[in-house]
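Since the structure comes first, as structure tokens, the remarks are kept for the end.
Every number in this text was worked out from the coordinates using simple rules, so none of it is lab data. Since this is a predicted model, take the numbers as computed values, not measurements. FYI the Cβ positions are ideal-geometry reconstructions off the backbone, even for glycines, and counts take in every protein chain you see.
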Amino acid sequence: MSPTANPTATPAAPAARGQSQTIDLADKIRRIEGHWQPRVVAEMNDYQFKVVKVLGDFPWHRHAETDETFLVLDGELRIEHRASPHDEPSVIVLRAGQMAVVPQGVEHRPSAEHEVKMLLIEPRGVVNTGDGAKGERTVANDQWV
């Protein structure tokens with residue numbers, strides 16, 4: 001079957017989708033220009049593993065249909081989260097080697113005072129800025145590095 005005959009195929013995805021091979025996350029992150037630009041490095045079933053460099057504040061957003069996993073590789077990430085915009089936010093602080101899962105529907109805002117390198121794990125097709133209006137930080141899906 002050709003890639004165009006498969007409606008779930010991603011044209012930019014490598015044939016192996018990052019499977020059965022070593023993936024050097026540090027090398028992949030070095031190839032990313034700019035912050036808040038997640039890039040896919042592998043897929044497992046319907047999930048994507050994305051590397052990203054972040055600095056500063058990301059807008060408040062939520063993903064109504066899915067959880068989102070943050071795994072910090074280098075630096076310190078703050079994730080403010082709240083059940084609704086009227087609630088006082090709680091804060092998770094993640095350092096290198098630590099991870100957290102933000103449950104579906106929970107509004108959250110990652111931020112980093114200094115550059116953070118991390119791995120995101122989320123279903124294919126999730127918009128990085130969540131379910132609301134698209135903004136300047138919204139990036140196209142399925143961009144591989």
Inset, instruction - Enumerate lysine pairs in the chain that are 8 or more residues apart or on different chains, then count those whose Cα atoms are under 19 Å apart. - result: 5
Legend entry - Quotient of C-alpha Rg and 2.2 N^0.38 Å, computed over segment 3-123: 1.13
Legend entry - Residues in segment 67-95 reached by a label modelled at Ser111 [backbone nitrogen below 13 Å; 7 Å Cα→Cβ]: 77-81, 89-93
Legend entry - For segment 68-82, 3J(HN,Hα) per residue [Karplus equation, 6.51 cos²θ - 1.76 cosθ + 1.60, θ = phi - 60°, Hz, x = Gly/Pro]: 9, 9, 10, 10, 7, 9, 7, x, 9, 10, 9, 10, 7, 8, 7
Legend entry - Using a Förster distance of 22 Å, the FRET efficiency for Val101-Ala133 (Cβ separation, nearest 0.05): 0.30
Legend entry - Neighbourhood net charge (14 Å Cβ-Cβ; Lys/Arg +1, Asp/Glu -1) for Gln98: +1
Inset, instruction - Apply the Karplus parameterisation 6.51 cos²θ - 1.76 cosθ + 1.60, with θ equal to phi minus 60°, to every residue of segment 100-105 and state each ³J(HN,Hα) to the nearest whole Hz, in sequence, with x for glycine and proline. - result: 8, 10, 8, x, 4, x
Inset, instruction - Excluding Gln37 itself, calculate the net charge of residues whose Cβ lies under 11 Å from the Cβ of Gln37, where each Lys or Arg counts +1 and each Asp or Glu counts -1. - result: +4
Inset, instruction - Determine the distance separating the Cα centre of segment 25-53 from the Cα centre of segment 62-76; give it in Å without decimals. - result: 13
